[in-house]
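The values are calculated or read from the model by the stated rules, or taken from the named source; none is laboratory data. Small disclaimer: the values here were computed from a predicted structure and weren't measured. When we count neighbours, we look across all protein chains shown, and the Cβ atoms used for this are built from the backbone with ideal geometry, even at glycine. The protein model used for the area step is the full one, side chains on, heavy atoms only, and it has no ligands, DNA or RNA in it. Shrake-Rupley method; radii C 1.70, N 1.55, O 1.52, S 1.80 Å.
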Amino acid sequence: MIRIGKLHIKRDYIALAIFTIVQSIISWWAALDYGRSFQTASFSAAQLPLIGYTLAVAAAVFIILDRRIAPQWSLIAIGITVAFAFTNIIAKESELLYLLLTCSAWLLVMAVPRFGMQNYFGLVVFSVIMTFTIPVAVFDLQNNYLSTTFLWKLTPMLASYVFLYVPSFSRQRQINQLISAITGLLLVITIFLQPLTWQTIVAILITIAVWFSQQSFGRTRLHLMINVAVQLILILLLY
């Protein structure tokens with residue numbers, strides 16, 4: 001519990017707020033950075049509901065994976081994502097609507113323990129959904145088209161999700177160490193496919209440091225906060 005004057009705020013809710021904001025920046029950064037090179041890129045009112053959608057998705061992810069906030073709040077957050085997806089501005093773009101609803105539907109599957117998606121398959125689907133829904137929607141709304149080159153540019157982001165969130169989806173320590181080694185190598189390979197600069201070198205060094213941390217400590221109480229901080233640094237370095 002943190003006290004601000006007469007206001008008492010639980011640490012979990014502060015962590016939720018920080019994670020939500022940082023994760024939302026991660027979801028938008030690659031699309032905004034890549035779109036800046038096009039003269040057609042512009043900010044419009046169509047992106048305002050998408051901001052709300054992004055914040056709700058990030059909040060749902062934290063609640064589902066952290067497991068210290070009442071799980072019913074994740075269902076409320078998922079309901080909010082659906083409401084934002086059906087706003088007139090987004091709903092008239094049927095492809096974007098289906099894309100965003102796919103993300104909302106997967107979050108619902110993750111939120112229900114009975115579906116058993118807290119495993120490596122769930123990790124892969126989660127990573128694909130987080131990489132190719134909101135960033136793609138941001139790029140499309142900003143530029144009014146979708147570039148296959150941009151999709152290729154998202155591969156380091158995809159690899160970073162798969163690597164960083166291994167402990168979040170499985171508590172099998174020994175198997176996690178092997179999976180982390182494989183996914184960490186994939187992340188390094190995707191970074192090497194980028195032009196070699198000091199930023200990519202630093203990103204590789206950070207990946208190696210995180211891998212050693214995962215091997216030594218596995219999942220920690222602050223795992224999600226560490227994840228989102230490391231991923232933000234990687235995204236800022238690579239995009």
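One table, with the values for the structure above:
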{"read-out": "For the range 102-200, Kirkwood radius (reciprocal of mean inverse C-alpha pair distance, Å)", "value": "14.8 Å"}
{"read-out": "Cα pair count fraction exceeding 21 Å, expressed as % - the range 159-239", "value": "22 percent"}
{"read-out": "Accessible surface of the chain, 1.4 Å probe, proportion on carbon and sulfur as whole %", "value": "71 percent"}
{"read-out": "List VAL210, VAL112, VAL228, ordered by accessible area with a 1.4 Å probe, largest first", "value": "VAL112, VAL210, VAL228"}
{"read-out": "Dimensions (Å) - the range 53-162, Cα atoms, principal axes, largest first", "value": "39, 32, 19"}
{"read-out": "At 0.890 mPa s and 25 °C, Stokes D of the chain from Kirkwood alpha-carbon radius, µm² per second", "value": "133 µm²/s"}
{"read-out": "Cβ-placed point charges (K, R +1; D, E -1), dipole of the chain about Cα centre in debye, nearest 20", "value": "900 debye"}
